[in-house]
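The values are calculated or read from the model by the stated rules, or taken from the named source; none is laboratory data. No experiment lies behind these values; they were computed from the predicted model shown. Reconstructed Cβ throughout: ideal geometry from the backbone, glycine too, with neighbour counts over all protein chains shown. Just so you know, the surface numbers come from the protein's heavy atoms only, side chains and all, with ligands and any DNA or RNA stripped out. Shrake-Rupley method; radii C 1.70, N 1.55, O 1.52, S 1.80 Å.
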Amino acid sequence: METEFRTVEGPVLRMVVVGSGAMGLEWMRAVLASDETELAGVVDTEVKRARWSVIRTRAGEVPVAESLDALLRTPQIGRVDGVVNVTPPDAHFPVTARALGAGLPVLGEKPMAASLEEAEELVVLARDARQLFMVAQSRTYEPHLSSLRAHVRAIGPPAVIVVNFLRDEAFDGFRTEMAHPLLVDMMVHTVDAVRYLTGKQATHVYCEEYGPSWSRYSSGGSATCVFEMDGGGRFVYNGSWSAPGDMTSWDGEWRVSGAHGSALWDGEGPPVRLSPSAPEHVVLPEPSRSGDGIRGVLADFIRALRTGRTPWGECSNNLGTLAMVHAAIDSARTGRRVRVPNPPGLSSVVPDPRRGEHI
Ligand SMILES: NC(=O)c1ccc[n+]([C@@H]2O[C@H](COP(=O)([O-])OP(=O)(O)OC[C@H]3O[C@@H](n4cnc5c(N)ncnc54)[C@H](O)[C@@H]3O)[C@@H](O)[C@H]2O)c1
């Protein structure tokens with residue numbers, strides 16, 4: 001799938017990071033560590049935090065401001081080639097819309113936007129501006145996930161994918177106040193990984209959200225969802241932020257079963273294959289992708305800007321991930337099994353993993 005966004009030339013791309021909280025610091029470090037990028041500036045509505053982040057990352061003489069517009073007016077700003085949007089979900093739409101309006105490509109943290117409607121509008125804005133808007137689905141860049149994907153091809157189309165994500169995390173900040181914190185802020189990773197793994201989109205979902213009495217979250221810190229995938233298989237997600245004890249990894253614990261066997265993945269080490277003809281566990285081959293987490297995402301973003309080739313996480317495709325998350329929210333709210341919508345801007349093709357690595 002090729003899209004029409006402007007490519008960028010030059011040996012080094014100068015990036016502005018917007019949002020200098022916990023994850024913003026990680027993005028600043030990734031931008032500073034790459035040979036292909038420079039940190040052009042940092043924006044935070046709490047400008048003291050932006051200043052402090054420049055000191056903490058030893059970024060040097062980097063301008064800071066309380067808004068992107070103010071930063072772009074700063075005399076010492078120099079050339080800007082792109083924006084990394086690392087604000088909380090509620091600010092994703094205004095910040096990305098403003099950056100696209102200023103003629104800049106955007107690498108935005110997940111979720112793409114706070115609502116499907118906002119996300120659809122961003123797809124239109126990116127298309128009209130002919131700028132790349134890529135969503136950073138960093139957990140889909142976990143190298144062992146690509147090993148699991150290679151194995152899924154061998155066991156045949158999955159009849160069932162079960163993921164348990166069970167942790168006990170005491171966040172402060174936006175997650176304690178937001179609605180549906182598990183589905184919007186965390187399950188979005190697993191949904192994106194399942195789409196990457198299978199090349200398929202869900203057609204329907206049934207979801208129950210709940211919060212045990214010891215939950216730290218205002219609502220929806222725990223949930224169970226059953227997605228029907230295109231072709232009839234089921235993806236079952238069982239997640240909680242309120243599960244003390246032997247916690248799963250940050251990528252959860254996976255079992256994928258198809259006609260020719262199953263694969264297990266603990267979300268950290270190499271996946272393990274279980275085959276009816278060879279009952280002993282077979283450790284899968286080494287990961288086929290280089291670069292994990294946000295550094296891999298940044299490398300793909302830069303490569304896309306240089307080559308014009310569509311990366312994983314490109315906004316019109318990432319609409320499919322957000323549509324599954326918001327259909328689960330609709331189901332939890334109504335108590336009914338709901339159809340997963342096909343948003344108008346959704347690219348018709350979920351990139352086929354069998355065609356090789358994306359980008
Ligand atoms: N990929 C991952 O594994 C991962 C991990 C953690 C967080 N995230 C994502 O990163 C984003 C940020 O999370 P965080 O934990 O860093 O949050 P945070 O609350 O620690 O930091 C957010 C920062 O953004 C600033 N901000 C808010 N609105 C702004 C605006 N309109 N303009 C400029 N700055 C603004 C805040 O002042 C704050 O400093 C979220 O979307 C979150 O889901 C992703």
query: Considering amide H positions built from the backbone, and no H for Pro or chain starts, which residues 5 or more places from ASP168, or on another chain, come under 5 Å of its amide H?
result: ALA243
- request: May I ask for the distance between the Cα centers of the stretch 237-278 and the stretch 125-184, given as a whole number of Å?
  value: 15
With all protein chains modelled, accessible area of TRP214 [1.4 Å, Å²]: 150
- prompt: How much of the accessible area of the chain, in percent, comes from carbon and sulfur atoms when a 1.4 Å probe is used?
  reply: 50
query: Would you list PHE93, PHE227 from the most to the least accessible area, probe 1.4 Å?
result: PHE93, PHE227
- prompt: What size of dipole, in debye to the nearest 20, comes out for the chain about its Cα centre when the only charges are +1 on Lys and Arg C-beta atoms and -1 on Asp and Glu C-beta atoms?
  reply: 420
query: Pairing the Cα long axis of helix 315-334 with the longest principal axis of the chain, what angle in degrees results, from 0 to 90 and rounded to the nearest 10?
result: 60
query: For the stretch 287-342 and the stretch 37-94, what is the separation of their C-alpha centers, rounded to whole Å?
result: 25
field: Order of exposure, largest accessible area first, which applies to MET178, MET324 with probe 1.4 Å
entry: MET178, MET324
message: Residue by residue through the stretch 177-190, what is 3J(HN,Hα) from phi via Karplus (6.51 cos²θ - 1.76 cosθ + 1.60, θ = phi - 60°)? Round to whole Hz and write x for glycine and proline.
response: 9, 6, 6, 6, x, 6, 5, 6, 9, 10, 4, 3, 5, 5
query: Taking square-rooted eigenvalues a ≥ b ≥ c of the alpha carbon gyration tensor, is the stretch 120-194 rounded, prolate or oblate, where a/c under 1.5 means rounded and, failing that, a/b exceeding b/c means prolate?
result: oblate
- request: Apply the Karplus parameterisation 6.51 cos²θ - 1.76 cosθ + 1.60, with θ equal to phi minus 60°, to every residue of the stretch 49-56 and state each ³J(HN,Hα) to the nearest whole Hz, in sequence, with x for glycine and proline.
  value: 5, 4, 4, 5, 5, 5, 5, 4
- line: Whole-Hz Karplus couplings 3J(HN,Hα) for the stretch 112-129, θ = phi - 60° and coefficients 6.51, -1.76, 1.60, Gly and Pro as x, run 3, 7, 6, 9, 5, 5, 4, 5, 4, 5, 5, 4, 5, 4, 5, 5, 5, 7
query: Pairing the Cα long axis of helix 22-33 with the longest principal axis of the chain, what angle in degrees results, from 0 to 90 and rounded to the nearest 10?
result: 70
message: I need the trypsin sites (Lys or Arg not before Pro) found in the stretch 10-62, filtered to DSSP loop residues with at most 12 other beta carbons within 10 Å of theirs.
response: ARG58
task: Provide the per residue accessible area, probe 1.4 Å, for the stretch 46-174, rounded to a whole number of square angstrom.
output: 43
- prompt: What 222 nm value per residue comes from the helices of the chain, counting each DSSP H run with n ≥ 4 as -39,500 (n - 2.57) and dividing by all residues, nearest 500 deg cm²/dmol?
  reply: -10000 deg cm²/dmol
query: What angle do you read, to the nearest 10 degrees and between 0 and 90, between the alpha-carbon axis of helix 293-307 and the longest principal axis of the chain?
result: 70
field: Partnerless cysteines, meaning none of the other Cys C-beta atoms lie under 4.7 Å away, in the chain
entry: CYS315
message: Using the Cα atoms of the chain, I'd like the radius of gyration and the largest Cα-Cα distance, Dmax, both in angstrom.
response: 20.2, 68
- request: Give the accessible area for ARG309 in Å² (nearest 10); use a 1.4 Å probe, count only protein heavy atoms, and leave out ligands, DNA and RNA.
  value: 110
query: Dipole magnitude of the stretch 168-269 about its Cα centre, charges +1 at Lys/Arg Cβ and -1 at Asp/Glu Cβ only, in debye to the nearest 20?
result: 340
